[in-house]
Structure formats: C-alpha cells, structure tokens
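First up is the structure itself, then whatever we jot down about it.
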Amino acid sequence: MNFTELLGHVGIFGGAVIVSLALLSVFSVAMIIDKHRRFSSTTRESEKFKPEFKKFLHGGDVQNLLEAARQHQNSHVAQVVSAGIIEYDGVAQSGGDASASFDLVTSAIRDSISETLINLKKGLGFLATIGSTVPFVGLFGTVVGIINAFRSIAATGSGGMSVVSGGIAEALVSTALGIFVAIPAVVAFNHFTGKLETFHVEMNRASSQLINRLFKIPELKGLDAEMDEVKAAKAKKEGPAYATR
C-alpha cells in the first residue's frame, strides 16, 4: 500500500489532523525563510557598517558615521550606534555638558538594544510553539487512528488488513507528519536563538566601544584642565618665594 492509498483510507477526523499538520508545516517553513532572510540581511549590513565604525573609533568624523548608519539601517550594530550618537549630539546641541550626558546616552543605547532584539525575535515564539506542540498533535492523530482500527475490528469481528487499514493509515500518517513538521522547527529555533545571542554580544561590544570613544575625550580634557590649574597654582606660589631671595 503506497502513500496515496493510505490517504484514501484516512477518516474525516484523521484528515482534519493531517490538514492541520500540513498547514502548520507551511507556516513553519514560511517563518524559517523569513527569519533567515532577516538575519542574513542584518549580518550582511553590519559587516559593511563595521569598517566605518572602526574609522570613527580611531578618530573619524561623526557625520560620516551617521551617514553610514543611514545607509545600513538593517544593521543591528548601526541601529545601536546611531541611537547613542543622536542622543549625544542632541545634548551637545541643546547647550548641555556633553560629558554629563553619560546616563542619557547609556539609556538610549540600552533601549535601542532592547528594541532591536524584540524586532529580531518576532516569530521565534511561533517556531518554538510548533516544535513543542506538533509532535503531540501527531500523537493525538496516532491514538485516534489506533482507536478507529480497533473499532473497525469490533464492528466486523475480524482483524484483516482491509478492516484496520483506515485506522492504521491515520496513525502512520499523523505520526510521520508530526515528526516531519517538528524537526525543522526545533532546529531552526535553536539556530536563530544562537544567532540572536551573537547579535546581542556584538551590540553590547559596539555600545561599550562607542561610550568609551564619546566620553574619553571630555574626561581627558577635564584632567588636562585640572593639571593646568595645579601648575598655575604651583607657579604662583613659587613666584613670590623666588622674588624674596
């Protein structure tokens, strides 16, 4: 008995289970393709953005960095960096002390990381649900198929293949479809979860580098000013002493 003949012996309830599993399989494949395209795009855009970010870290112009971020808006790294730069520039243009905007910039970067992760995670819960529940749906169809097989035996009083073929067909097809749908969903979910962890690490690293770049220069200026004041006070103190000699 081939697969077509098996489907021909499937009952109404078993057919409903099989159709549900087939639809879930279609939705799962569509979600996997969509997430693969999204993750590939953000990885590719981030790789193109990173050289511009490295130039900025080594003294590059902030306008060039913002222009690169606008050109690579799908990059998760660019989104975090641009959020920090825009907040820092906004405080500076409003007349506030740039070195005092540390908390605002840090908060903007943290919010950008959270929002980016939320957007990247969309759909993964659906894959996790399919991977965890579809085997039970298939098992449910299997149990119903076995029950129908025994009911057929009880109704006819014999156990020939023609009697139990419908119930066995429901059980086999439901089991096979449940496993067939669940495995790709679980594998894809684990793969994309690993990618998300990598993206999170990259965004945290970029935010740390950006904060060090933005607030290192004001800090050094403050230290230089303090040193100048110390030297001036020391020279002023030593001047009269030299004059009295």
Original post:
Once both labels are modelled 7 Å past Cα along the beta-carbon direction, what's the residue 176-residue 190 spacing in nm?
Top reply: 2.5 nm
**OP:** Order the peptides 48-59, 78-89, 125-136, 141-152 from the highest to the lowest mean number of other Cβ atoms within 10 Å of their residues.
**Re:** 78-89, 141-152, 125-136, 48-59
Original post:
For the range 30-145, what's the radius of gyration and Dmax over Cα atoms, in angstrom?
Top reply: 20.7, 75
**OP:** Could you work out how far apart the two model spin labels at residue 33 and residue 104 are, taking each label as a point 7 Å from the Cα in the direction of the beta carbon, and quote it in nm?
**Re:** 4.6 nm
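FYI, it's all coordinate maths here, none of it is from the lab. From a predicted model like this one, the values you see are computed outputs, not experimental measurements. Methodologically, a virtual Cβ is constructed for each residue, glycine included, from the backbone with ideal geometry; neighbour enumeration extends over all protein chains shown.
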